[in-house]
Amino acid sequence: MSHSLFDKTTLGSMKLKNRIFMSPMGTTGEADGSYCIEGINYFEERAKGGAGLIITGANVVSTKYEPRPCTELSNFHHVERLNMLIERCHHYGAKVCVQLSPGLGRQQFTDPFTAPYSAGSVSSFWFPDLICKPFEVADIKYLVEKVGYSASLAVNAGADAIELHAYGGYLLDQFQSVQWNNRTDEYGGSLENRMRFSLECIEAIQKNVPKNFPIIVKFTPIQRVEGFRTIEEGIEMAKIFEKSGIAALHVDTGCYEEWFQAITTVYSDDAHKIDAQKAIKEVVNIPVLGDGKQFKPEIAKKTIEDEIVDYVGLGHQMLADPFWPTKVKTGHTEDITPCVGCNECLLAGFSGKHYYCAVNPRCYAEKTFDLPKPDGSVKDILVIGGGPAGMEAAISARKRGWNVQLWEKDSRLGGTLWAAGGPDFKSDVLRLIRHLEIQCYKLGVDIRLNKTATAENVKDGKFDKVILAAGASPVVPPIEGIENTALVSDYLIHKVGVGKKVVVIGGGLAGTEAACDIAANADEVTIVEMLPDILYTAAHCLNNDQHLRKMVKERGVKVEAGAKVLKITKDSVIFEKDGKETTINCDSVLNAAGFRANNQLEDILDESYEDVTVVGDAIAPRKILTAIHEAYHAIRVME
C-alpha cells in the first residue's frame, strides 16, 4: 500500500492524523526555564495549522554544568506550563513529542567566560580559546538520572512521545564522535562505548515512561565534514539505536563546523538530507523521520510516497506559515507564505532574543501582534512602492478592511527582491514575490503599475495614511572611470550581461552572491572590497555566512579585501592594497558598492498628510525582515 502525506498512522502507542511533523527548534522561556505564554501560543498556532506531530525544541534536564540556553524540564514546577502547551495542541488533534537534552557541551553559547563541559578536552565552538572540561563518570551518571526524571515529568505533563537530543554536534553527539571524544574509559574508544551515554539515556527514559510509550532518537549519521562521521558509521549507529528498543529514528545531517548541513539556508538544495535519510531507512525496521528543506508540497509528498521517510518535517517553514499542512490538504498552496532561508529566526535566538521570522511578523507573538479585525471603518491608504514592504503594507491594510492604492514605478511588483532572487541559487526569494503579489490581487489592492510618485501627484489624493515604501537605489561611488561599470542589480535582474573575466566592486551580500552566480559561467571572477573582509556588513546568521563563503571557495571566486579602487577603465580595475597598486585585467566590471534610501518624498508627504510612515529600505537599506515587519506594524497599530 502506497503512503501519502495525509495518512493516519500509529507510532508506538501514539495515533497521528498525518505524516507531517513540526521539527524541533529551541525556544526561550521564562526566567526559571518554563515555557512562556508566547511560547505556548506559538506551539498552539502550529497545531491549529494542521501538523500531526509537534516536536518541541530541546528542554535541558539540568543547569548544573552549563547555563540554560533554552527551556528546561528538570523539576516539578516546569510541568504546569508544559502541560498548558500540550493541552492547547491536543485541542486541534496534534500530538506533542517533548525533546530532552542533557546539554549542549562545547556548543554552549551563552557564557564566553567559563569553559564548558564535553566528552573530552576539546575547544569550545563559539569561544575557541576555552578548552572544555571532560565529564567525570559520576557527572554522566547524574545526567542520565536527570534525563530519566525529566522523562517522567514530560509524561506527567501529558506528552505523547519523547525525543532524545543526540545529534548535530551537541553533547550526546560529542560523546558519539571521535573528533570530540578522546576518552579512554568506558565512554570512549569503540563506537559502542561512544554511544554508551546515549544508550543509558534511552534506558533511563524507558524506566520512567509507560510501556509502548514512543521514544524517538534524533541523531546524525553523517556530519559532512572531512574527517568527521561518515554514513558507514551512521548506519552502524542506527542499528545499535534500533536494538535499544526505541520507536523511531529522526535522521539529521551536519554539525556546527558546517552548520548549513544541519540547518537549511537560502543556498541549500531542496531535500538536501534525503540521501542520509534513505540510507538509514534501508537498514532499519522502525519508522524514520526526516526534514531538511522539504517544504515545497510536491517534494514533501514525493518523499513520503517514495517511502524515503515515514514522516516529513517542517522547521523554519512552520515559522513562516503554521498553516502549511492545512493549505496543502485543501489545495491552496498558492497561499503558503514561503520560508526564504534567511535564518533570521536562528540569528535572533542565538542573540538572546525571542524568535523572529522575516516573512511572518506574528511568529512568537501570535496574539500580541495579531491584526485588528475589520470594524466597519473606512480608511483610504496610499502605499508608495511595490517591493516587500509596500506589498506587505497593502495586504495588511486590506485585511483590516481598508481601501488601498499601491503605486509602483516599474512594470511589475517585487522591488529589490528581483535582484535578491536573481542568483541561480536563490529562487526561494522569487517565490516570496509571487506569494505577496497573489495576496495583493486576491485581496483587491488597487495596484497602479508604471506610476511614479512625484512632489506634485502625491498631493492629489485624500488619504488617511501614506506608507512610503519606495525602497533604495544603488550608490555610485566617486571613482575615476565609474561610468565603465554596470550595476550589480542590473546584472541580477538579467538587464545586463557580463564577460568571462569579471571584477565585482563591493563584497557585501549582493556583490558576493553576484560573484558566485557569475563564476558558474566565467573564467575568472574577482571581488574587490575596501573593508577587511567580504560580508563584513552582511549581519546574517553564521550558517548562511559559512554556506556563502564555501560557495565563494568552491566556485573559485578570488577576493581582494582591504583594497581601495583607484581607477576603472574599459578593460581593467586598478586598486591599492597594503600600499601597493595592482591592476586586474577584465572585460566586465560590476558596481556593488551598496544602496541608498529613496526617502526624498518624506518631507513633502509630511506637509500634505497627517499620518505618514516610512518603512523598509526607504528608511535605510537593510533586510527582508525589516521591510515586512515595519510595514505590517505600521498598519497594525493604526487607529
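Some points to look at:
- Condition met for Ile527 (farther than 18 Å from Asp424 by Cα, without any contact (Cβ under 8 Å) to a residue 60 or more places away in the chain and in contact with a strand residue (DSSP E or B) (Cβ under 7 Å, 6 or more places away or on another chain)): yes
- Hits in region 392-406 - residues which are among the aromatic types (Phe, Trp, Tyr) and buried (at least 24 other Cβ atoms within 10 Å of the Cβ): none
- Test for Arg362: is it of a type outside the set (S, T, N, Q) and in contact with an Asp or Glu (Cβ under 7 Å, 6 or more places away or on another chain): yes
- Condition broken by Glu334, with the remaining ones in (1) outside the structural domain of Cys70 (by TED's automatic domain parsing); (2) touching a residue at least 40 places away in the same chain (Cβ under 8 Å) satisfied: (1)
- Taking the conditions (1) in the same structural domain as Val528 (by TED's automatic domain parsing); (2) in contact with a Leu (Cβ under 6 Å, 6 or more places away or on another chain) in turn, Val496 satisfies each one other than (2).
- Residue that is nearest to Val266 (Cα to Cα) [pool: residues in region 289-330 that are among the small types (Gly, Ala, Ser) and touching a helix residue (DSSP H, G or I) at 6+ places or on another chain (Cβ under 8 Å)]: Gly292
- The set of residues in region 605-622 that are hydrophobic (A, V, I, L, M, F, W, C) and more than 13 Å from Val383 (Cα to Cα) comprises Ile619, Ala620.
- Phe228 of a type in the set (Phe, Trp, Tyr), within 26 Å of the chain's Cα centre (by Cα) and closer than 24 Å to Ile263 by Cβ: yes
- Only one of the numbered conditions (1) within 30 Å of Lys462 (Cα to Cα); (2) more than 21 Å from the chain's Cα centre (by Cα); (3) modelled with pLDDT of 95 or more; (4) assigned to a loop (DSSP other than H, G, I, E, B) is violated by Lys367, and that is (1).
- Count of region 343-358 residues, restricted to those that are assigned to a loop (DSSP other than H, G, I, E, B) and buried (at least 24 other Cβ atoms within 10 Å of the Cβ), is 3.
Each row is one residue, and each column tells you yes or no for (1) at pLDDT 95 or above; (2) within 24 Å of Lys302 (Cα to Cα); (3) more than 22 Å from the chain's Cα centre (by Cα); (4) of a type in the set (D, E, K, R).
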site	(1), (2), (3), (4)
Leu11	yes, yes, yes, no
Thr27	no, no, no, no
Glu44	yes, no, no, yes
Ala58	yes, no, no, no
Thr63	yes, no, yes, no
His78	yes, no, yes, no
Ala94	yes, yes, yes, no
Ser101	yes, no, no, no
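- Pick from region 195-214, criterion part of a helix (DSSP H, G or I) and within 32 Å of the chain's Cα centre (by Cα), ranking: farthest from Val61 (Cα to Cα): Leu199
- Test for Glu437: is it part of a helix (DSSP H, G or I) and in contact with a Phe, Trp or Tyr (Cβ under 8 Å, 6 or more places away or on another chain): no
- The residues of region 305-337 that are out of contact with any Pro (no Cβ under 9 Å at 6 or more places or on another chain), surrounded by 24 or more Cβ atoms within 10 Å (Cβ to Cβ) and under 14 Å from Lys281 (Cβ atoms) amount to a single one, Val312.
- Positions within region 58-69 being hydrophobic (A, V, I, L, M, F, W, C) and part of a strand (DSSP E or B), in sequence order: Ala58, Val60
- Residue in region 176-194 that is assigned to a loop (DSSP other than H, G, I, E, B), touching a residue at least 60 places away in the same chain (Cβ under 8 Å), among the charged types (D, E, K, R) and touching a helix residue (DSSP H, G or I) at 6+ places or on another chain (Cβ under 9 Å) present: yes
- Test: residue in region 159-167 that is crowded, with 24+ Cβ neighbours inside 10 Å, farther than 25 Å from His77 by Cα and either of a type in the set (Val, Ile, Thr) or in the same structural domain as Trp259 (by TED's automatic domain parsing) (or both): yes
- For Ala389, the conditions (1) crowded, with 24+ Cβ neighbours inside 10 Å; (2) more than 30 Å from Asp270 (Cα to Cα) are fulfilled apart from (2).
- Hey, Asp252 over 22 Å from Ala151 (Cα atoms) and surrounded by fewer than 22 Cβ atoms within 10 Å (Cβ to Cβ) or not: no
- Counting only strands (runs of 3 or more DSSP E) that sit wholly inside region 9-57, those with at least 3 residues that are of a type outside the set (Gly, Ala, Ser), buried (at least 24 other Cβ atoms within 10 Å of the Cβ) and out of contact with any His (no Cβ under 8 Å at 6 or more places or on another chain) are 20-22.
- Trp126 meets all of the listed conditions (1) closer than 24 Å to Glu232 by Cα; (2) without any contact (Cβ under 8 Å) to a residue 24 or more places away in the chain; (3) aromatic (Phe, Trp, Tyr) but one, namely (1).
- Selection from region 569-584 of residues that are touching a residue at least 40 places away in the same chain (Cβ under 8 Å) and either in a strand (DSSP E or B) or surrounded by 19 or more Cβ atoms within 10 Å (Cβ to Cβ) (or both): Val573, Phe575, Ile584
- Test: Leu605 is of a type outside the set (Phe, Trp, Tyr), closer than 19 Å to Gly385 by Cα and modelled with pLDDT under 95: yes
- Hits in region 455-465 (condition: in a loop (DSSP other than H, G, I, E, B) and free of Cβ contacts under 8 Å to residues at least 40 places away in the same chain): Glu456, Asp460
- Complete set of residues in region 104-123 that are in contact (Cβ under 8 Å) with a residue 24 or more places away in the chain and part of a strand (DSSP E or B): Tyr117, Ser118
- Candidates are the residues of region 215-230 that are not acidic (Asp, Glu) and not in a strand (DSSP E or B); the one that is surrounded by the fewest Cβ atoms within 10 Å (Cβ to Cβ) is Gly227.
- Candidates Val61, Val79, filtered to the one that is in contact (Cβ under 8 Å) with a residue 24 or more places away in the chain and either surrounded by 24 or more Cβ atoms within 10 Å (Cβ to Cβ) or within 24 Å of Thr337 (Cβ to Cβ) (or both): Val61
- Residue match in region 134-152 (condition: of a type in the set (A, V, I, L, M), over 27 Å from Leu289 (Cα atoms), part of a helix (DSSP H, G or I) and touching a helix residue (DSSP H, G or I) at 6+ places or on another chain (Cβ under 8 Å)): yes
The values are calculated or read from the model by the stated rules, or taken from the named source; none is laboratory data. What you see is a predicted model, and the numbers here were worked out from it, not measured in a lab. Neighbour counts are summed over all protein chains in view; Cβ atoms, including those assigned to glycine, are modelled from backbone coordinates with ideal geometry.
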